[in-house]
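Throughout, read-outs are computed from the coordinates displayed, never taken from laboratory work. Here the structure is a predicted model, which is why all the values come from computation and not from measurement. Counting neighbours? That spans all protein chains shown, and the Cβs are built from the backbone with ideal geometry, glycine included.
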């Protein structure tokens with residue numbers, strides 16, 4: 001019997017560079033450091049700054065890392081951020097198998113298990129197979145998306161094509177959930193084949209007009225007040241609500257959330 005393995009995802013798109021210390025360490029609900037106790041096989045974060053994509057990842061639990069808090073507070077500062085805490089299902093413990101990956105202008109992190117990696121590799125060109133860093137099913141799925149997006153000239157068409165090819169090949173999986181970005185838009189796919197109550201994705205507009213700060217915890221009130229003072233706005237996506245703010249909205253299963261540079265959103269069926 002196969003045992004399902006699960007990870008947690010978090011990403012955002014902001015109107016100006018922001019840090020993610022709150023979501024990683026200070027949120028009163030589902031912070032990444034808290035989630036890392038049940039997802040202890042690695043953590044990583046990719047962020048987009050003026051020099052392009054930057055990435056930091058370690059094949060250790062976030063809660064055990066001696067450098068994560070300092071590095072995230074001082075270095076992770078961008079408009080687009082993709083992050084992940086890992087519970088391994090395929091591929092050993094190593095940086096090369098730790099999410100997220102950055103490749104050809106994309107950043108990507110996945111939550112789920114794709115059972116037949118060898119069948120997935122057959123869908124890749126030699127160039128993409130040779131470019132794989134590690135031995136996970138998740139990274140191979142990422143390369144299939146990039147391959148199809150480049151072939152078709154459109155990221156959304158590429159995502160749809162990658163999933164169609166996997167389904168037609170009979171490749172089985174628990175979930176294809178991911179958060180990714182091509183540097184222009186943020187993409188969050190919810191596509192679960194099992195455990196629909198677990199393989200979820202939610203999104204939140206922060207701050208939201210009319211939000212009653214008095215209803216929030218003190219630490220969240222302070223965060224929102226500081227962001228309002230700086231004129232910061234962001235669209236957050238996570239496997240589950242990561243704060244006590246209301247109006248986290250679920251992404252329906254087999255749908256893709258697209259976040260544009262003006263922080264407007266679109267949800268399309270895949």
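Restricting to the range 125-159, count the residues that are without any contact (Cβ under 8 Å) to a residue 24 or more places away in the chain and not in a helix (DSSP H, G or I).
Within the range 125-159, residues that are without any contact (Cβ under 8 Å) to a residue 24 or more places away in the chain and not in a helix (DSSP H, G or I) number 4.
Can you tell me which residues in the range 160-199 are touching a residue at least 40 places away in the same chain (Cβ under 8 Å), surrounded by fewer than 20 Cβ atoms within 10 Å (Cβ to Cβ) and farther than 19 Å from residue 143 by Cα?
194, 195, 196, 198, listed by residue number.
Within the range 1-96, which strands (runs of 3 or more DSSP E) (wholly inside it) include 3 or more residues that are closer than 19 Å to residue 141 by Cα?
It comes to 8-18, 43-49, 78-85.
I need a count of the residues in the range 101-112 that are touching a residue at least 60 places away in the same chain (Cβ under 8 Å) and touching a strand residue (DSSP E or B) at 6+ places or on another chain (Cβ under 7 Å).
7
Can you pull out every residue in the range 41-54 that is surrounded by fewer than 18 Cβ atoms within 10 Å (Cβ to Cβ) and either over 16 Å from residue 81 (Cβ atoms) or touching a strand residue (DSSP E or B) at 6+ places or on another chain (Cβ under 8 Å) (or both)?
49, 54
Could you list, in sequence order, the residues of the range 103-113 that are part of a strand (DSSP E or B) and buried (at least 20 other Cβ atoms within 10 Å of the Cβ)?
Within the range 103-113, 106, 107, 108, 109, 110, 111 qualify.
Residues being surrounded by fewer than 20 Cβ atoms within 10 Å (Cβ to Cβ) and under 30 Å from residue 148 (Cα atoms): count how many of those fall in the range 57-76.
The number of residues fulfilling the criteria is 2.
Collect the residues in the range 160-202 that are part of a strand (DSSP E or B) and under 13 Å from the mean Cα position of the chain (by Cα), keeping them in residue-number order.
The answer is 177, 178, 179, 180, 181, 186, 187, 188, 189, 190, 202.
Using beta carbons and a limit of 7 Å, which pairs, at least six apart or on different chains, have the first residue in the range 223-239 and more than 20 Å from residue 203 (Cβ to Cβ) and the second one assigned to a helix (DSSP H, G or I)?
That search, which allows pairs on different chains as well, returns 225/213.
Just give me the residues in the range 114-124 being without any contact (Cβ under 8 Å) to a residue 40 or more places away in the chain, in contact with a helix residue (DSSP H, G or I) (Cβ under 8 Å, 6 or more places away or on another chain) and in a helix (DSSP H, G or I), in sequence order.
117, 121, listed by residue number.
Residue 136 is checked against (1) surrounded by 24 or more Cβ atoms within 10 Å (Cβ to Cβ); (2) in contact with a strand residue (DSSP E or B) (Cβ under 8 Å, 6 or more places away or on another chain) and fails just one. What number does that condition carry?
Unmet for residue 136, out of (1) surrounded by 24 or more Cβ atoms within 10 Å (Cβ to Cβ); (2) in contact with a strand residue (DSSP E or B) (Cβ under 8 Å, 6 or more places away or on another chain): (2).
Could you run through the range 203-251 and say how many residues are surrounded by 14 or more Cβ atoms within 10 Å (Cβ to Cβ) and part of a loop (DSSP other than H, G, I, E, B)?
15
Mind checking which pairs have a first residue in the range 245-263 that is in contact (Cβ under 8 Å) with a residue 12 or more places away in the chain and on the phi > 0 side of the Ramachandran plot and a second that is surrounded by fewer than 17 Cβ atoms within 10 Å (Cβ to Cβ) and part of a strand (DSSP E or B), Cβ under 7 Å, 6 or more apart or different chains?
254/269; 263/15
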